[in-house]
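Novice: Before I ask anything, here is the structure I am working with.
Coordinate-derived values only; no laboratory data. Here the structure is a predicted model, which means the values were calculated and not measured. No Cβ is skipped: glycine too gets one built from the backbone with ideal geometry, and neighbour counts run over all protein chains shown.
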Amino acid sequence: MTAIEVNGLRKSHRGFEAVKGVSFEVGEGQIFALLGRNGAGKTTTIEVLAGFQRADGGTVRVLGLDPYADRTALRRRTGIMLQEAGFFPDLTVAQTVDTWRGLIAAPRPRDEALELAGLAGKRGTKVRQLSGGEKRRLDLALALLGRPDVLFLDEPTTGMDPEARRATWGVVRDLAGQGTTILLTTHYLEEAQRLASTMAIMDAGEVVAAGDMAETLAAQAGRVAFRMPAHVHPADLPLPVTLEGGTAVCRAEDPDLAAQTLLTWAAERGLRLAGLEVRTATLEDLFLESAR
């Protein structure tokens, strides 16, 4: 089943086209990463999907509904965690959750939501006393109150310490395992690679790469890097390399085979390839290549 369907989405702000014909699909229960540098159009896309803005062109469906025309019905089935949320600073964490619970039909119990977000020990703390990462966790608790079928997470772990970030990853995985469809944006590419099964990279309002995470990365060239030996010219090497400072970098579909070729060549000449590093393609490699 397709939970989110975007076909040719266009959206402009005061004459500036922020989203230019974007298309992608997210299956039910999938974690989908929507990536891109600042200003790529990610947040605008999420706001259209959440029904906060009307699309200027194309079609958008969430759980089979038009998110703008059917936003009242859809909001009962979706949760959203935006980059910035407005809180009353002098309310406690518990009071904040209770206030939001009063706006939701059949919400989660307060303590369950706080436990999920890792804020059980902060019930009596005023919001203004929370750290930036703790406020993000409060955002998450509020987004989960309605037990959403679709959850939008816009930069969900910004400001969190490593332990809180990994705990949040666990919550996201558990929700997906229970059937919740999750669309997230993040600048932490390791986070996207660990969590998402599918992804799209946006640049200047367009999708420049998309697909299954594992398959897309497997199709990318790997990387072999080493410090260039003294008195060796790149043209002397058996494989083409580029120089990044004093480091030689070889891109190859099979980085292990490329490393073996380079090591054999070096051994025959009594040379040492210091600092040798061999790795398959990462999401960071794909992101940097796609967003050029």
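Novice: Each residue of region 97-110 in turn: what ³J(HN,Hα) in whole Hz from Karplus with 6.51, -1.76, 1.60 and θ = phi - 60°, glycine and Pro shown as x?
Specialist: Karplus-based 3J(HN,Hα) across region 97-110 equals 5, 4, 4, 5, 4, x, 9, 10, 6, 6, x, 4, x, 3 Hz.
Novice: What does the charge add up to near THR185, with Lys and Arg as +1, Asp and Glu as -1, over the other residues with Cβ less than 14 Å from its Cβ?
Specialist: -4
Novice: Hey, another quick one. What list do you get for HIS187, HIS13 if you sort them by fewest beta carbons within 10 Å?
Specialist: On the way: HIS187 14, HIS13 11.
Listed from fewest to most nearby Cβ atoms, that is HIS13, HIS187.
Novice: Relative to the longest principal axis of the chain, what angle (0 to 90°, nearest 10) does the C-alpha long axis of helix 255-268 take?
Specialist: Result, in degrees: 30.
Novice: Lys and Arg at +1, Asp and Glu at -1: add these up for the other residues within a Cβ distance under 14 Å of LEU271 and post the number.
Specialist: On the way: positive: ARG227, ARG269, ARG272; negative: ASP236, GLU268.
Spelling it out: positives minus negatives among the neighbours equals +1.
Novice: Sticking with this one: Can you list the lysines whose alpha carbon is less than 19 Å from that of LYS11, not counting same-chain residues fewer than 8 positions off?
Specialist: LYS20, LYS42
Novice: Go ahead and set up a Gaussian network model of the chain, Cα springs under 10 Å, then flag whichever of LEU142, LEU91, LEU49 fluctuates most.
Specialist: LEU91
Novice: Mind pulling the angle between the C-alpha long axis of helix 162-177 and the longest principal axis of the chain? Nearest 10 degrees, somewhere in 0 to 90.
Specialist: The angle comes out at about 70 degrees.
Novice: How long are the semi-axes of the equivalent ellipsoid of the chain, defined as square roots of 5 times the Cα gyration tensor eigenvalues? Whole Å, largest first.
Specialist: Values: eigenvalues 367, 110, 51 Å².
They are 43, 23, 16 Å, listed largest first.
Novice: HN-Hα J couplings of region 225-235 from phi, Karplus 6.51/-1.76/1.60, θ = phi - 60°, integer Hz, Gly and Pro as x?
Specialist: For region 225-235, the Karplus curve yields 10, 7, 6, 5, x, 4, 6, 10, 9, x, 5 Hz.
Novice: Using only Cα atoms and rounding to the nearest 10 degrees, what angle (0 to 90) does helix 132-143 make with the longest principal axis of the chain?
Specialist: Between helix and principal axis, roughly 60 degrees.
Novice: Return the lysines within reach of LYS126: Cα separation strictly under 20 angstrom, same-chain partners fewer than 8 residues apart disregarded; answer none if there are no such residues.
Specialist: Once the sequence-local lysines are set aside, what remains near LYS126 is LYS135.
Novice: Still on this structure, I have one more. Taking K and R as +1 and D and E as -1, what net charge do the other residues with C-beta under 12 Å from the C-beta of PHE52 add up to?
Specialist: Combined, the nearby Lys, Arg, Asp and Glu give +2.
Novice: Under the Karplus relation 6.51 cos²θ - 1.76 cosθ + 1.60, θ = phi - 60°, what is the ordered set of whole-Hz ³J(HN,Hα) values for region 70-83, x standing for Gly and Pro?
Specialist: Each residue's phi maps through the Karplus curve to give 10, 5, 5, 5, 6, 5, 6, 10, 10, x, 9, 10, 7, 5 Hz.
Novice: State the Cα centre-to-centre distance between region 81-143 and region 206-266 in whole Å.
Specialist: Rounded to whole Å, the Cα centres lie 47 Å apart.
Novice: I would also like to ask the following. Please list, by residue number, every one of the GluC sites (Glu not before Pro) in region 14-55 that is coil in DSSP and has at most 15 other beta-carbon atoms within 10 Å.
Specialist: Hits after loop and neighbour filter: GLU28.
Novice: A further question on this structure: Can you find, among LEU271, LEU239, GLY159, the residue sitting farthest towards the positive end of the charge dipole of the chain, where Lys and Arg contribute +1 and Asp and Glu -1 at Cβ?
Specialist: Positive-end residue among those listed: GLY159.
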